[in-house]
Amino acid sequence: MTANVNLVLGGTGKTGRRVVSRLRERNLPVRPLSRSTEIPFDWTDRATWGPAIEGGGALYLVPPFALDPIHEFVQRAVEAGVRRVVALSGRGSDLYHFQVMLRGERAARESGVDWTVLRPNHFFQNFSEDPLLLPALLAGEVVLPTGDHPDPMVDVEDIADVAVAALTEDGHSGQTYTLTGPRGISFAEGTALVARESGREIRYKEVSGPEYVAHLVAQGVPVDDARDLRTVYEAVREGTIVEQSGDVERVLGRPARDFESFVRRERTAWV
Ligand SMILES: NC(=O)c1ccc[n+]([C@@H]2O[C@H](COP(=O)([O-])OP(=O)(O)OC[C@H]3O[C@@H](n4cnc5c(N)ncnc54)[C@H](OP(=O)(O)O)[C@@H]3O)[C@@H](O)[C@H]2O)c1
């Protein structure tokens, strides 16, 4: 069997399912992979790995949680024929030592085959799909420790476009792309834009890091997850990851999508 199937981990998630639909639109062979896909894949169940990677030529790698055996998995995928790995990481992975992201990056770089690392800023789609932020918007109050630093958040549609380019075209091997939107948007402004578009009253409440952790724990979020989220959002407040990179434009040859268009397009998420 020729190894040419595009394996898409997190194939039902925010980035993965968009990567899958783009590859399908181009009639390219694609296998979405997650615990709920037709061919199931579970990081915690090695028995699922073999059928998942069989015939794979390129791999979109989404590391979903802390304890995954990511290096071992990538090695097995390469032994099974994978020749290209595109790893989703995140902006600030190196500065803030986000371990899951760094492990995914390392597994790609040490794979011995073509690799590309994607480091996006926060996703626009956190406002429309995130399991914490979306319910907060719908309830009328967003509580975060992000300060008023603008974050050049990025549209997941652009991340998927870049991922597909890296999976299917030459010229991206050995690249680490920082993926940003066209301008910085604070979470308070993002909240205000969603409120305006949806006609809802939504308040943005700035809190300290410890207050944020307490807020999440009170909602039932495990304390370790709450601390991880605090680190991610406080990175915005520190203002260290606010520069636009231009990598979306360089890879795709067109401007990055803007937040206002996203809010209009995804309006039904909030109404
Ligand atoms: N959100 C942001 O602003 C942001 C910014 C930068 C980087 N990132 C990075 O983006 C990544 C998340 O990517 P995403 O947003 O595309 O995904 P996502 O929407 O969070 O979805 C997670 C995916 O992983 C699958 N999954 C969960 N547990 C699994 C398991 N045990 N085995 C196999 N698959 C599993 C889920 O499907 P099933 O439930 O069906 O298994 C789903 O397809 C994270 O690594 C995060 O660090 C996020």
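General observations
- Test: residue in the stretch 71-86 that is crowded, with 21+ Cβ neighbours inside 10 Å and under 21 Å from D228 (Cβ atoms): no
- Looking across the stretch 100-129, just one residue is more than 9 Å from the ligand (Cβ to nearest atom), in a strand (DSSP E or B) and aliphatic (A, V, I, L, M), and that is V117.
- The residues in the stretch 130-158 that are among the acidic types (D, E), within 12 Å of the ligand (Cβ to nearest atom) and assigned to a loop (DSSP other than H, G, I, E, B) can be counted, and the count is 2.
- Just one of the numbered conditions (1) farther than 15 Å from V232 by Cα; (2) surrounded by fewer than 18 Cβ atoms within 10 Å (Cβ to Cβ); (3) aliphatic (A, V, I, L, M) is not true of L102: (1).
- Every listed requirement among (1) under 17 Å from the mean Cα position of the chain (by Cα); (2) surrounded by fewer than 21 Cβ atoms within 10 Å (Cβ to Cβ) is met by E141 save one, (1).
- Flag: L167 matches the condition of being buried (at least 23 other Cβ atoms within 10 Å of the Cβ), at pLDDT 95 or above and either outside the structural domain of R230 (by TED's automatic domain parsing) or at positive phi (or both).
- Looking only at the stretch 36-64, and only at residues there that are within 10 Å of the ligand (Cβ to nearest atom) and within 25 Å of A165 (Cβ to Cβ), the one that is modelled with the lowest pLDDT: P64
- Selection status of S21, outside any loop (DSSP other than H, G, I, E, B), of a type in the set (S, T, N, Q) and over 20 Å from R83 (Cα atoms): yes
- Of all the criteria given as (1) crowded, with 23+ Cβ neighbours inside 10 Å; (2) not in a helix (DSSP H, G or I), the one not satisfied by S93 is (1).
- Restricting the first member to the stretch 209-220 and to residues that are without any contact (Cβ under 8 Å) to a residue 24 or more places away in the chain, and the second to residues that are of a type in the set (G, A, S), the beta-carbon pairs closer than 8 Å and six or more apart or on different chains are V213/A226; V217/A226.
- Checking the stated criteria, V117 turns out to be surrounded by 23 or more Cβ atoms within 10 Å (Cβ to Cβ), farther than 14 Å from L9 by Cβ and in contact (Cβ under 8 Å) with a residue 24 or more places away in the chain.
- Restricting attention to the stretch 24-57, the residues that are assigned to a loop (DSSP other than H, G, I, E, B) and of a type outside the set (V, I, T) add up to 15.
Yes or no, residue by residue, for (1) touching a residue at least 60 places away in the same chain (Cβ under 8 Å); (2) not small (G, A, S):
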| site | (1), (2) |
| --- | --- |
| A136 | no, no |
| V143 | yes, yes |
| P150 | yes, yes |
| A160 | yes, no |
| A166 | yes, no |
| S173 | yes, no |
| Y177 | yes, yes |
| P182 | yes, yes |
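The values are calculated or read from the model by the stated rules, or taken from the named source; none is laboratory data. Keep in mind that what you see is a predicted model, and the values were worked out from it rather than measured. Virtual Cβ from ideal backbone geometry, glycine too; neighbours counted across all protein chains shown.
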